[in-house]
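Everything on this sheet refers to the single structure shown next.
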Amino acid sequence: MVANIVLSEIEYTHVGKRPVRPDGVDKVTGRAQYGPDITLRGLLHGKVLRSPYAHARIKSIDTSEAEAYPGVRAVITAQDLPYASLTKEELGAGYQALKFASNHILASGKVLFKGHAVAAVAAANLHVAEEAAKLIKVEYEELPVVISVLDAMKDGATLLHDDLFTSSLGETAKTASNVAAHSRFEIGDVQQGFADADVVVEREFQTASVHQGYIEPQNGTAFWNADGQLDVWCSTQGAFTVRAALADVLRHPVSKIKVTPMEMGGGFGGKIPIYSEPLAALLSKKSGQPVKVVMNRVEVFEASGPAAGSWMKVKIGATKDGKITACQAELALDAGGFPGSPAASAAMCAFACYDYPNGLIDSYDVVVNKPKTAAYRAPGSPQAAFAVESVVDELCEKLRIDPIEFRLTNASKEGTRRIEGPVYRRIGLVECLEAARSHDHYQTPVDAQPNGKLRGRGVASGFWFNRGFVSSCNVTVNPDGTVGVVTGSVDLCGTRASIAQQTAEVLGIAYEDIKPSVADTDSIGYTFITGGSRTTFATGLAAINASQDIKQRMVERAAAIWEAPVADVEYVDGVIQHKADSELKMTFKELAQRSLTTGGSITAQCNIDPSGEGNSFAFHVVDVEVDQETGKVDVVRYTALQDCGKAVHPSYVEGQMQGGAVQGIGWALNEEYFFNDQGQMSNSSFLDYRMPISLDLPMIDTVIVEVANPGHPYGVRGVGESPIVPPLPAVANAVYRATGVRMQSLPITPGKVLEALWDKNGG
């Protein structure tokens, strides 16, 4: 078996190597500080009272007994949020956005999902807070629940919001609806495209809500000082995003908010929104003491943001020689209790792997009685890929064309225009497909399995845009020749190492001499979230640019010392030297040692909003085994191939590809939010929410395909999103190849498989 292949285009000194991670020792020795580790003088502990109902009107809240309970320092409800005292006229166009944001933090008027926060208590210890929270009396009027997007979109469906009107193609509807937004992308003439097709396949698909499954729960600690300064410590993918969100819902100046990001025990997109932070802040303001609020596991499942559930209809037509003539899709993704599903990004990703002349995509953002949706690695793309790649597989079967050859015939490449408008620059989908076609996994026939079990092989493609956005970096040369690199990018998956490697590459010094760190919001320029596969690219570019400035400043400093023109001095591989006088030469460390006596510290900073991000494509091959007696599906071999651009730290890249594949397999086979008729989640623990473990899986083999991104000096693209996209359809296609049954609803549970086999075989 072949594992962990790097198809490298170019070699560098530091970029592309596998150095020791800078945060490794702290994490394995327990020194690393996570959000719940925060301890402050006078620290109080917060507990949140949450709704037992998925949809209900709040008739009254009585907090008097909780406030009188010994040890309680503060109790808050939605009335403590600024929104409660602001009128629609005062807020103007921002009224509804603030209403939704505020009501998500603390329910006002209605609760919209089980676990919706209604009140919070701060006390000297957590046990007191828990007991006090139980004393808060809330009178509810239960309302009908709506869980599925199809039910929510029906005429006469129960409305979650009386003032939510569909925004559709530039117009706003006159009547309230659960459909928050409808978008459309169109190219060519889709009807003519289907008329030109020899084979057309149209199918409907559904996926369940799934959770990111991070180990560390959401948390936030806040201290609202008497002078109005608000200090926050939390587990977040974006300290500046937390600051902005807090400033919004608390109506507090950003200049009075400092957010310190702690080490993070997983996020995957789920730790972008705020949950505990504003509650801790309000409790601190009311008590005058610092307050920590940490979710337990049940609260994480029921009250933080899962990935969206979906309903999708996909139709694709092709000629008999395997050329796609038309693509059409309807994609409805649930947003949970408040608008904001990734329906639009699902639409942009759906057919992104294919070059086709005619297409039409409609997407719908739909509110339902579930926790508000959050991002989960390539948000919207896995759902869309499940539908599209399943239909593509069926087309291949009907046309009797090899699935990889079909994809090569129709593959997006440089110059292909996506349906929403952008034209691809240099991309590596074709290279991924060719690498898969020649890989031992694909070349080895699927073995028949004894004992009545069935085996099949599935393949699928996946896409994510990757992102740029704003990043900041400060670089400082220390007197001992080491270099401090300070960024605003939370290190979610090894970016301290990847940014340090790029810095070392530019400066031509040892990787071990680079000291990367992550700053709070007062200590660095604005930096966008760590997410969307942007950090190694965008913050890396900021570090590269700042390092180039450091080189120039070193040249200028040496020129001043030698009393020579700057034009006569050059920087080569970590050495500053006179172009004409070989005696005038200093190493980086030698010049650094003289910096404080020759003009002071040598520093540089860069704030950047790059536009050269490189799109990412993945292609996966999976073999599954299906037990005909139990319906259980086991993954027996898996290979993930991906165009990552230049893999700055291949070990991290392999980990991202493997982790994404495993999460996608869980999405395909096991994971789902299971709701009863009352809209209550019935599996809100890791005992009942079935995530894959090591015993469930084979080794995930990886092939890193390095097609350099022309928008980055070292060809970086990003890696974290695309690997979660292909597993859903690849596993479903493999199950079909094993059983002859197409599974159009995820997860593919043993019960679904058995029922499908019984239907196929006549009971």
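The values are calculated or read from the model by the stated rules, or taken from the named source; none is laboratory data. Quick caveat: nothing in here was measured; it's all calculated off a predicted structure. Reconstructed Cβ throughout: ideal geometry from the backbone, glycine too, with neighbour counts over all protein chains shown.
Please work out which one of (1) modelled with pLDDT of 95 or more; (2) polar (S, T, N, Q); (3) out of contact with any Ser or Thr (no Cβ under 9 Å at 6 or more places or on another chain) is the condition residue 77 fails and give its number.
(3)
Condition first: crowded, with 16+ Cβ neighbours inside 10 Å and of a type in the set (Val, Ile, Thr). Now tell me which residues in the stretch 34-52 satisfy that.
38, 48
Answer yes or no: is there a residue in the stretch 677-695 that is in contact with a Gly (Cβ under 6 Å, 6 or more places away or on another chain) and either surrounded by fewer than 24 Cβ atoms within 10 Å (Cβ to Cβ) or in contact (Cβ under 8 Å) with a residue 24 or more places away in the chain (or both). Quick ask: steps written out before the conclusion?
From the stretch 677-695, those in contact with a Gly (Cβ under 6 Å, 6 or more places away or on another chain) are 691-692; that's our starting set.
From the residues that got through so far, the ones that are either surrounded by fewer than 24 Cβ atoms within 10 Å (Cβ to Cβ) or in contact (Cβ under 8 Å) with a residue 24 or more places away in the chain (or both) too are 691-692.
Yes, there is a match, as at least one residue in the stretch 677-695 is in contact with a Gly (Cβ under 6 Å, 6 or more places away or on another chain) and either surrounded by fewer than 24 Cβ atoms within 10 Å (Cβ to Cβ) or in contact (Cβ under 8 Å) with a residue 24 or more places away in the chain (or both).
Looking at the stretch 431-447, which of the residues that are part of a loop (DSSP other than H, G, I, E, B) and either among the β-branched types (Val, Ile, Thr) or in contact (Cβ under 8 Å) with a residue 12 or more places away in the chain (or both) is nearest to residue 390 (Cα to Cα)? Working first, answer last.
Of the stretch 431-447, the ones part of a loop (DSSP other than H, G, I, E, B) are 439, 444-447.
This time we only want the ones that are either among the β-branched types (Val, Ile, Thr) or in contact (Cβ under 8 Å) with a residue 12 or more places away in the chain (or both), so: 439, 444, 446.
Details: 439: 22, 444: 22, 446: 20 Å.
Among those residues, the one meeting the criterion is 446.
Looking only at residues that are small (Gly, Ala, Ser) and part of a strand (DSSP E or B) in the stretch 209-232, which one is farthest from residue 289 (Cα to Cα)? Steps first, please.
Kept after step one, since they are small (Gly, Ala, Ser), are these residues of the stretch 209-232: 209, 213, 220, 222, 226, 228.
Among the residues that remain, those that are also part of a strand (DSSP E or B) are: 220, 222.
On the way: 220: 14, 222: 9 Å.
If we take residues in the stretch 209-232 being small (Gly, Ala, Ser) and part of a strand (DSSP E or B), then 220 is farthest from residue 289 (Cα to Cα).
Does residue 713 count as surrounded by fewer than 21 Cβ atoms within 10 Å (Cβ to Cβ) and under 30 Å from residue 545 (Cα atoms)?
On the way: surrounded by fewer than 21 Cβ atoms within 10 Å (Cβ to Cβ): yes; under 30 Å from residue 545 (Cα atoms): yes.
Yes; evaluated as a whole, the condition is true for this residue.
Exactly one of these conditions fails for residue 527: (1) touching a Cys at 6+ places or on another chain (Cβ under 9 Å); (2) surrounded by fewer than 19 Cβ atoms within 10 Å (Cβ to Cβ). Give me its number.
(2)
Determine whether the stretch 579-599 contains at least one residue that is farther than 24 Å from residue 539 by Cα and in contact with a Phe, Trp or Tyr (Cβ under 6 Å, 6 or more places away or on another chain). Break it down stepwise before answering.
First pass over the stretch 579-599, keeping only residues farther than 24 Å from residue 539 by Cα: 579-587, 589-599.
Still in the running and in contact with a Phe, Trp or Tyr (Cβ under 6 Å, 6 or more places away or on another chain): 584.
Within the stretch 579-599 (the criterion being farther than 24 Å from residue 539 by Cα and in contact with a Phe, Trp or Tyr (Cβ under 6 Å, 6 or more places away or on another chain)), the answer is yes, since at least one residue qualifies.
Could you please find all residues in the stretch 19-33 being surrounded by 15 or more Cβ atoms within 10 Å (Cβ to Cβ) and of a type outside the set (Gly, Ala, Ser)? Explain how you work it out, then say what you get.
Filtering the stretch 19-33 down to residues surrounded by 15 or more Cβ atoms within 10 Å (Cβ to Cβ) leaves 19, 21-23, 32.
The answer is 19, 21, 22, 23.
For the subset of the stretch 728-744 comprising residues that are of a type outside the set (A, V, I, L, M) and either at pLDDT below 95 or touching a Phe, Trp or Tyr at 6+ places or on another chain (Cβ under 7 Å) (or both), which member is nearest to residue 635 (Cα to Cα)?
Restricting attention to the stretch 728-744, the residues satisfying the condition of being of a type outside the set (A, V, I, L, M) are 729, 733, 736-737, 739-740, 742, 744.
So of that shortlist, the ones also either at pLDDT below 95 or touching a Phe, Trp or Tyr at 6+ places or on another chain (Cβ under 7 Å) (or both) come out as 729, 742, 744.
Values: 729: 13, 742: 17, 744: 19 Å.
Among those residues, the one meeting the criterion is 729.
Check whether at least one residue in the stretch 169-185 is over 19 Å from residue 336 (Cα atoms) and touching a Pro at 6+ places or on another chain (Cβ under 7 Å), and report yes or no.
Filtering the stretch 169-185 for residues over 19 Å from residue 336 (Cα atoms) gives 169-175, 184-185.
Then keep just the ones that are touching a Pro at 6+ places or on another chain (Cβ under 7 Å); that gives none.
Scanning the stretch 169-185, I find no residue that is over 19 Å from residue 336 (Cα atoms) and touching a Pro at 6+ places or on another chain (Cβ under 7 Å), so the answer is no.
Every residue, every condition in (1) touching a strand residue (DSSP E or B) at 6+ places or on another chain (Cβ under 7 Å); (2) part of a loop (DSSP other than H, G, I, E, B); (3) among the small types (Gly, Ala, Ser), yes or no:
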residue	(1), (2), (3)
580	no, yes, yes
583	no, yes, no
596	no, no, no
614	yes, yes, yes
620	yes, no, no
635	yes, no, no
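Given the criteria within 30 Å of residue 532 (Cα to Cα) and at pLDDT below 95, does residue 437 qualify?
Working: within 30 Å of residue 532 (Cα to Cα): yes; at pLDDT below 95: no.
When the stated conditions are applied, residue 437 does not pass them.
Does residue 625 qualify as being assigned to a strand (DSSP E or B) and of a type in the set (D, E, K, R)?
Numbers: assigned to a strand (DSSP E or B): yes; of a type in the set (D, E, K, R): yes.
The answer is yes for residue 625.
Within the stretch 543-582, restricting attention to residues that are farther than 20 Å from residue 501 by Cβ and either modelled with pLDDT under 95 or small (Gly, Ala, Ser) (or both), which residue is surrounded by the most Cβ atoms within 10 Å (Cβ to Cβ)?
So the residue we want is 558.
Can you report the number of residues in the stretch 451-493 which are at pLDDT 95 or above and under 26 Å from residue 259 (Cβ atoms)?
So the answer is 19.
Search the stretch 654-676 for residues being of a type in the set (A, V, I, L, M, F, W, C) and within 23 Å of residue 630 (Cβ to Cβ), and hand back the single one that is surrounded by the most Cβ atoms within 10 Å (Cβ to Cβ). Let's see the steps before the verdict.
Step one: list which residues in the stretch 654-676 are of a type in the set (A, V, I, L, M, F, W, C), which gives 657, 661-662, 665, 667-669, 674-675.
Subset that is within 23 Å of residue 630 (Cβ to Cβ): 662, 665, 667-669, 674.
On the way: 662: 23, 665: 28, 667: 26, 668: 30, 669: 26, 674: 13.
Across the stretch 654-676, the extreme among qualifying residues is 668.
Applying the selection to the stretch 396-415, what residues are closer than 22 Å to residue 723 by Cβ and either in a loop (DSSP other than H, G, I, E, B) or over 31 Å from the mean Cα position of the chain (by Cα) (or both)?
Residues satisfying the conditions are 412, 413.
Can you tell me which residue among 456, 428 is touching a residue at least 40 places away in the same chain (Cβ under 8 Å) and in contact with a helix residue (DSSP H, G or I) (Cβ under 6 Å, 6 or more places away or on another chain)?
On the way: 428 fails: in contact with a helix residue (DSSP H, G or I) (Cβ under 6 Å, 6 or more places away or on another chain).
Selected residue: 456, the only one of 456, 428 that is touching a residue at least 40 places away in the same chain (Cβ under 8 Å) and in contact with a helix residue (DSSP H, G or I) (Cβ under 6 Å, 6 or more places away or on another chain).
Among the residues of the stretch 187-208, count how many are assigned to a strand (DSSP E or B), buried (at least 22 other Cβ atoms within 10 Å of the Cβ) and not aromatic (Phe, Trp, Tyr). If you could, list the steps in order and put the result at the bottom.
Of the stretch 187-208, the ones assigned to a strand (DSSP E or B) are 187, 199-207.
Within this subset, residues satisfying the condition of being buried (at least 22 other Cβ atoms within 10 Å of the Cβ) are 205, 207.
Now restrict to residues that are not aromatic (Phe, Trp, Tyr): 207.
The qualifying residues number 1.
Among strands (runs of 3 or more DSSP E) lying entirely in the stretch 60-147, which contain 3 or more residues that are surrounded by fewer than 19 Cβ atoms within 10 Å (Cβ to Cβ)?
Working: elements: 72-77, 117-123, 137-142.
Of the strands (runs of 3 or more DSSP E) lying wholly inside the stretch 60-147, those with at least 3 residues that are surrounded by fewer than 19 Cβ atoms within 10 Å (Cβ to Cβ) span 137-142.
Looking for whichever is outside any loop (DSSP other than H, G, I, E, B), within 30 Å of residue 346 (Cα to Cα) and within 23 Å of the chain's Cα centre (by Cα) here; the options are 533, 498, 517. Which one fits? So that I can check it myself, show each step before the final result.
Details: 533 fails: outside any loop (DSSP other than H, G, I, E, B); 517 fails: within 30 Å of residue 346 (Cα to Cα).
Criteria check complete, one pass: 498.
Would you mention how many residues in the stretch 516-546 are closer than 15 Å to residue 491 by Cβ and in contact with a helix residue (DSSP H, G or I) (Cβ under 8 Å, 6 or more places away or on another chain)?
Matching residues across the stretch 516-546 total 14.
Residues in the stretch 591-614 that are out of contact with any Leu (no Cβ under 9 Å at 6 or more places or on another chain) and in contact (Cβ under 8 Å) with a residue 12 or more places away in the chain: how many? Show your work before the answer.
Our first condition is that a residue be out of contact with any Leu (no Cβ under 9 Å at 6 or more places or on another chain); within the stretch 591-614, this holds for 591-597, 599-601, 603-605, 607, 609, 611, 613-614.
Still in the list and also in contact (Cβ under 8 Å) with a residue 12 or more places away in the chain: 591-596, 599, 601, 603-605, 607, 609, 611, 613-614.
Residues flagged as out of contact with any Leu (no Cβ under 9 Å at 6 or more places or on another chain) and in contact (Cβ under 8 Å) with a residue 12 or more places away in the chain within the stretch 591-614 amount to 16.
Taking the stretch 360-394, which residues are in contact with a Ser or Thr (Cβ under 8 Å, 6 or more places away or on another chain) and part of a loop (DSSP other than H, G, I, E, B)?
Hits for the stretch 360-394 are 368, 370, 371, 373, 374, 378, 379, 380.
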